[in-house]
Structures are given as structure tokens and as C-alpha cells.
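Visitor: Can you keep this structure in mind? I'll have questions shortly.
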Amino acid sequence: DGGITQSPKYLFRKEGQNVTLSCEQNLNHDAMYWYRQDPGQGLRLIYYSQIVNDFQKGDIAEGYSVSREKKESFPLTVTSAQKNPTAFYLCASSTSASGLGVGTGELFFGEGSRLTVL
Amino acid sequence: DAKTTQPTSMDCAEGRAANLPCNHSTISGNEYVYWYRQIHSQGPQYIIHGLKNNETNEMASLIITEDRKSSTLILPHATLRDTAVYYCIVRSGSQGNLIFGKGTKLSVKP
């Protein structure tokens, strides 16, 4: 079945460690996104990529890094520079940058990864 | 910042229609209204979107006022599985991220 797969679902990390969250999609979507969600809050955009080998910072990119070497993959690294990394991380994709531009604007989300820093 | 205002929470009886309001008084002519919902600890799910006309699909109906400053999402026969946070979002058709506010927490009760 087509969709977005995030892994791991739960992750624990010690302070000072980098951690990479995986996001894979088989929807043949050009655009992919990473959001962060804190308890009781909405989603905030971290990074997005409209095409392979290109990505842009979102509203809260500090302390995060991404890569987009393949169309289907958009991993997010939470670095030790991120001051408060404990959160729920959501990956999404959309057709031809429609999440940001012309199109239906429909984003398809993964099930999320919950990161806890100990 | 989110361009929409929604009530923090609402209750609805199972089997009844759930009407979720959203104010977007600063909406511009090329901005669409989108609705997503998020069941606890899952990724958001697209429900519906519209520009000017009312829209209906298998999940819900979207009623947009004539001045486009507010809209209502209608779940015609709410079930317990519709308990979720519902996000109303406005976004330009040509550019702009989907900005998620805090949404409305809908609780469907037996």
C-alpha cells in the first residue's frame, strides 16, 4: 500500500547525542516536510523539500538538519544544538510541492516519531 | 502565526451532526480554507478544502460564508471515531505553508 513510513515510532536519547529520524514515502511525491508538535500545540514546520537535492528551512530549523538524496527519503537529524528536542515529529509529503504551491494542498502524514531526551 | 480562530473544544452526541466553526476574517482572495484532523498520537489527516463554494465529500461538508470570513465543517453523523483535534487552515493557492494552529478538540460522546 502507498504511504509514508516513519521510524522509529519511539526514541530515547541522552543529552548531547544526535539522532536521525527516518521518513520514507512510496507515493511518488516530489515534496516532503518535517513538522514538530509539542503537547497541546499545533504543528510547526522544521524543514521542507520540494525536489531532490534541495531543501529549505521552515519556521524552527535551528538545531535540525535534513538531506534529500532520494525522492522517497527525507531523514531528519536532531542535533545536540537543539535545546529542547523532546517532541512528536511528523513527516509529510505532497504532490509537486502542492503543500506549498498550486494544487490541492493535501498533505499525507506519517504516523509520527516520539523523541524523548533523557 | 495561524490566520484562523477556532474554539478550543466542543462536545457532540454520537449520531448527531458536529458543526465546527472557524473564523478567518483576514482571508485574502486567493487563499483556500483547509480542514485536517488529528486523532491522538497520529499524523493529521486531510478532510476537505474549498475556496468560495461549499464542498462535500465522503467525510464531511464545508460551508463557507459569502464574505469568506468564516466557515463551518460539518460531520453529518458523528461517531466515536471522529473524536480528534480538527484544524482549520488558510493557505494561498500559489504559495505558503500549511500553518497549523491549536485546532478544536472535538469529543464525541455516547
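The values are calculated or read from the model by the stated rules, or taken from the named source; none is laboratory data. Keep in mind the model is a prediction, meaning the values are calculated, not measured. FYI the Cβ positions are ideal-geometry reconstructions off the backbone, even for glycines, and counts take in every protein chain you see. Each accessible area value is taken on the protein alone, full model and side chains, heavy atoms only, with ligands, DNA and RNA left out. Shrake-Rupley method; radii C 1.70, N 1.55, O 1.52, S 1.80 Å.
Visitor: Out of all the residues in segment B:11-29, is one or more over 30 Å from A:CYS23 (Cβ atoms), β-branched (Val, Ile, Thr) and either open to solvent by less than 40 Å² (accessible area, probe 1.4 Å) or within 14 Å of another protein chain (Cβ to nearest Cβ) (or both)?
Guide: Among the residues of segment B:11-29, at least one is over 30 Å from A:CYS23 (Cβ atoms), β-branched (Val, Ile, Thr) and either open to solvent by less than 40 Å² (accessible area, probe 1.4 Å) or within 14 Å of another protein chain (Cβ to nearest Cβ) (or both), which makes the answer yes.
Visitor: Which residue out of A:THR104, A:THR77 is touching a Ser or Thr at 6+ places or on another chain (Cβ under 8 Å), modelled with pLDDT of 95 or more and loosely packed, with under 15 Cβ neighbours inside 10 Å? Talk me through it step by step, then tell me what you get.
Guide: Numbers: A:THR104 fails: modelled with pLDDT of 95 or more.
Answer to the selection: A:THR77.
Visitor: Also, I was wondering about something else. Here are the criteria: (1) among the aliphatic types (A, V, I, L, M); (2) under 26 Å from A:SER94 (Cα atoms); (3) surrounded by fewer than 16 Cβ atoms within 10 Å (Cβ to Cβ); (4) modelled with pLDDT of 95 or more. Tell me which single one B:LEU51 does not satisfy.
Guide: B:LEU51 satisfies every listed condition except (4).
Visitor: Looking at this structure, is A:GLY16 at pLDDT 95 or above and away from chain B (no Cβ under 14 Å)? Break it down stepwise before answering.
Guide: Numbers: at pLDDT 95 or above: no; away from chain B (no Cβ under 14 Å): yes.
No.
Condition check ((1) open to solvent by 20 Å² or more (accessible area, probe 1.4 Å); (2) assigned to a strand (DSSP E or B)) across all residues:
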residue	(1), (2)
A:THR20	yes, yes
A:GLU24	yes, yes
A:GLN41	yes, no
A:GLN56	yes, yes
A:GLN82	yes, no
A:PHE88	no, yes
